[in-house]
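The structure appears right after this line, and notes come after that.
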Amino acid sequence: MSIFVQGDTPVICQGITGANGTFHTDQACLYGTRMVGGVTPGKGGTSWTGEKSGAKLPVFDTVDAAVRATGAKASVIYVPAAFAADAICEAAAAGIELIVAITEGIPILDMVRVKQSLAGKPSRLIGPNCPGVITPGGKTHGVDFPGCKIGIMPGYIHKPGRVGVVSRSGTLTYEAVWQLTSLGLGQSTCVGIGGDPVNGTQFVDVLSAFQADPNTDAIVMIGEIGGSAEEEAAALIQSGGCTKPVVGFIAGTTAPPGKRMGHAGAIIAGGKGTAAEKVAALQAAGVAMAPNPSAIGSTMEALLTRKGMIAKLRG
Amino acid sequence: MKIHEYQAKELLKRMGVPVPEGRTARTADEAASAYHELGSPISVVKAQIHAGGRGKAGGVKVVRSAEEARAAAAGMLGKALITHQTGPQGRVVHTVWVEKGSSIDREFYAGIALDRRLGLPVMMASSEGGMEIEEVAAKHPEKILREAFLPGDGLWGYQARRLAFGIGIPAELIGKASKMFQALARAYVDLDCSIAEINPLVTTKDGQVLALDAKINFDANALYRHTDLAGYRDKNEEDPKEIEASKYDLSYIALEGNIGCMVNGAGLAMATMDTIQLHGGSPANFLDVGGGATKEKVAAAFKILISDTNVQGILVNIFGGIAKCDMIAEGVVAAAREVKLAVPLVVRLEGTNVERGREILKNSGLAITPAASLDEAASKICGLVKGGRK
């Protein structure tokens, strides 16, 4: 029905008693996410109550205890940056299948160590420094479709449907999703992979998952300057690894070079990571590039109309 | 966070990287005494700014007497040094570094950066020392050798030797060069660097391997665990508006244009700048107020925008998620009133509590131009700011 998460995915929150963990767990409960518990070391045995949702959840000292008691399959991490790497590794060690790290500002070398620690384990990490992942819920074709919102995105801008969205950015994803929803184009799953240089899930992973999902018919991919993740996505599409229609956008065409990215890092990745290079690579792979960020939705609408798919996706 | 060459050399020396002996000087007299203390007939006076390309711009002078050292320092201190990395306004030199001259035999390059694709730090080494590594990568990519390493392991001896032999370090100096590479790798990990570079790394006629220039950038996210490095920050090198922004946890970068932007989220901020240029305008800054923007943060951000005398118009673009549009609107209205805003202001709000936000703007009595989409907002502000500087 979607990728990575479904309406019945049981989710815990690491850092549930902190300000962000509390607020967004409450929001997730209101959206209908199946939240089953939380983890805060030292507060095990207590319970957490959502202010607006009224949901009551058990709090555990360790992820391991939470998994044993609740059968959680996914965990969302809001713990502060200094402890986030440890929290990710704890979730993986406890057998969590999907780890969504929202935390911003984790030291790069911590993420290097996390990536090594996760290698060979079955857990998938999304993020860090990302809005999260959502499989939109709500009424579609007269049926109430259960949703799963893991992260900080506003739930109401989404609508269940058949367009997959993957992005390195947060609010720019909301912009794109809102344009799709306004045009009547619902989403299967929206994944924010995060803007950090070392992260768990790449464009290629999400594109492959959308390709394999029978309920995703088209994809929006939003990249940024820096690194080579977009070029790798272009190579996957070119080699036939993703044959569904893709609309792309790259932010940062006009950003001055050298202000935010280390040049030496870009060189190692084999390219300078400029917007022009990324746009060219994606265009060569047959991706329909939106000419500006306001035209992401309309570019998708035009592409689907051309392919005779618009009626099905507008559903 | 960037630091000066002399600071990088001080840190690298502590980690076991051999560097030429030197002294800092903040006056011409200090430079003359530094020359005396070093007791070397040939010394070098180097301007300390956070930018490369100093040699070609006159920021590096070979001196043969205390008087020459004094004159060289006097020619640099208090003056703006313009290199290809500083922009046309240059950077004012506040400190020079006087160091013993070295009898250079050959020049090489060694540097460490993160390889995003591997998710590992990689040491690069090249026989093309002195040249910028970007240039080597463009012209002679085959001349850059690479070794990835695990932070826990550091650079193994065999990897260091492979690099040293590979770039043509003389056989008798392989041991010294390998030790230097391993020390550089240790510094990169222990100090949480984002870049650590020695360029040029030189072999000397008297059989030494030295770091003749050094560049270190720290990972800002890891500075909390290196409190001892806070003293290395040089606020003279930062834009005052960027310093003010960092106090409020705002991500601000000064640019050359005349349209001030305030946006939530880095991606949307870049996309907003792109759209402004698409409509023929030029952004004055990148400003991300972040997801958890409060009324106070918005007001502070607004004042920073206004303090830029180049700004002839302001575009606010907010997609409220966690940030609520009504709260953003209150912050904008309060700040616009306080600073008695005299330039056009276009505001585009979308998302959480958007209706209430639009009401607040409408009822403020201020001349605020509303916009329904990013495209419309950019088009309107570019129309209102005619001509511009570019």
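The values are calculated or read from the model by the stated rules, or taken from the named source; none is laboratory data. Note that the coordinates shown come from a computational prediction; the quantities given were computed from them, not determined experimentally. All Cβ positions, even for glycine, are placed from backbone atoms using ideal geometry, and neighbour counts span all protein chains on display. For the accessible areas, the whole protein counts, side chains as well, though only heavy atoms, and no ligand, DNA or RNA atoms are used. Shrake-Rupley method; radii C 1.70, N 1.55, O 1.52, S 1.80 Å.
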- Return yes when A:Val5 is open to solvent by less than 30 Å² (accessible area, probe 1.4 Å), at pLDDT below 95 and either touching a helix residue (DSSP H, G or I) at 6+ places or on another chain (Cβ under 6 Å) or outside any helix (DSSP H, G or I) (or both) and no when it is not. yes
- Scanning the stretch B:58-102 for residues that are more than 27 Å from B:Pro18 (Cβ to Cβ) and of a type in the set (A, V, I, L, M, F, W, C) gives B:Ala71, B:Ala74, B:Leu77, B:Ala80, B:Leu81, B:Ile82, B:Val92
- Could we say that B:Ile198 is part of a strand (DSSP E or B), away from every other protein chain (no Cβ under 14 Å), at pLDDT 95 or above and open to solvent by less than 60 Å² (accessible area, probe 1.4 Å) here? no
- Query: Of all residues in the stretch A:51-77 being in a loop (DSSP other than H, G, I, E, B) and open to solvent by less than 30 Å² (accessible area, probe 1.4 Å), which is nearest to A:Val11 (Cα to Cα)?
  - Reply: A:Ala72
- Message: All but one of (1) open to solvent by less than 30 Å² (accessible area, probe 1.4 Å); (2) of a type outside the set (A, V, I, L, M, F, W, C); (3) at negative phi; (4) more than 9 Å from every other protein chain (Cβ to nearest Cβ) hold for B:Gly267; state the number of the condition that does not hold.
- Response: (4)
- Across the stretch B:122-143, which residue is surrounded by the fewest Cβ atoms within 10 Å (Cβ to Cβ) among those that are out of contact with any Gly (no Cβ under 8 Å at 6 or more places or on another chain) and modelled with pLDDT of 95 or more? B:Val122
- Task: Taking only the stretch A:116-132 into account, find how many residues are at positive phi, crowded, with 22+ Cβ neighbours inside 10 Å and part of a loop (DSSP other than H, G, I, E, B).
- Result: 2
- Message: Suppose we filter B:Gln208, B:Gln182 for residues that are more than 14 Å from chain A (Cβ to nearest Cβ), under 26 Å from the mean Cα position of the chain (by Cα), touching a residue at least 12 places away in the same chain (Cβ under 8 Å) and open to solvent by 30 Å² or more (accessible area, probe 1.4 Å); which single one remains?
- Response: B:Gln182
- Query: Tell me, which strands (runs of 3 or more DSSP E) lie completely within the stretch B:57-149 with 3 or more residues that are away from chain A (no Cβ under 14 Å) and of a type in the set (A, V, I, L, M)?
  - Reply: B:60-63
- Query: From the list A:Ile99, A:Ile88, which one is of a type in the set (A, V, I, L, M) and either under 14 Å from the mean Cα position of the chain (by Cα) or in a loop (DSSP other than H, G, I, E, B) (or both)?
  - Reply: A:Ile99
- Item | Residue list for the stretch B:190-238, filter: in contact with a helix residue (DSSP H, G or I) (Cβ under 9 Å, 6 or more places away or on another chain) and acidic (Asp, Glu) | B:Asp192, B:Glu197, B:Asp213, B:Asp219, B:Asp234, B:Glu238
- Query: Considering A:Gly195, A:Gly184, which residue is assigned to a loop (DSSP other than H, G, I, E, B) and within 13 Å of chain B (Cβ to nearest Cβ)?
  - Reply: A:Gly195
- Considering residues that are open to solvent by less than 10 Å² (accessible area, probe 1.4 Å) and assigned to a loop (DSSP other than H, G, I, E, B), the number found within the stretch A:133-152 is 2
- Enumeration of residues in the stretch B:146-179 that are open to solvent by 50 Å² or more (accessible area, probe 1.4 Å) and of a type in the set (A, V, I, L, M): B:Leu150, B:Ala171
- Among the candidates B:Ile104, B:Ile49, which residue alone is among the β-branched types (Val, Ile, Thr) and farther than 17 Å from B:Tyr6 by Cα? B:Ile104
- Please tell me if B:Gly331 is of a type outside the set (S, T, N, Q), away from chain A (no Cβ under 14 Å) and in a loop (DSSP other than H, G, I, E, B). no
- Subset of the stretch B:9-27 (residues that are in contact with a helix residue (DSSP H, G or I) (Cβ under 9 Å, 6 or more places away or on another chain) and either of a type in the set (Phe, Trp, Tyr) or crowded, with 19+ Cβ neighbours inside 10 Å (or both)): B:Leu11, B:Leu12, B:Val17, B:Val19, B:Pro20, B:Gly22, B:Arg23, B:Ala25
- Message: Whether any residue in the stretch A:30-48 is in a helix (DSSP H, G or I), touching a helix residue (DSSP H, G or I) at 6+ places or on another chain (Cβ under 7 Å), within 30 Å of A:Ala218 (Cβ to Cβ) and in contact (Cβ under 8 Å) with a residue 12 or more places away in the chain is what I want to check.
- Response: yes
- Quick one: what pairs do we get from the stretch B:118-133, first residue in contact (Cβ under 8 Å) with a residue 60 or more places away in the chain, second surrounded by fewer than 22 Cβ atoms within 10 Å (Cβ to Cβ), C-beta under 6 Å, 6+ apart or different chains? B:Met123/B:Glu147; B:Gly129/B:Glu107; B:Gly129/B:Pro200; B:Gly130/B:Glu107; B:Gly130/B:Pro200
- Note on the structure: Within the stretch B:348-390, of all residues that are of a type in the set (Ser, Thr, Tyr) and more than 14 Å from chain A (Cβ to nearest Cβ), the one nearest to the chain's Cα centre (by Cα) is B:Thr369
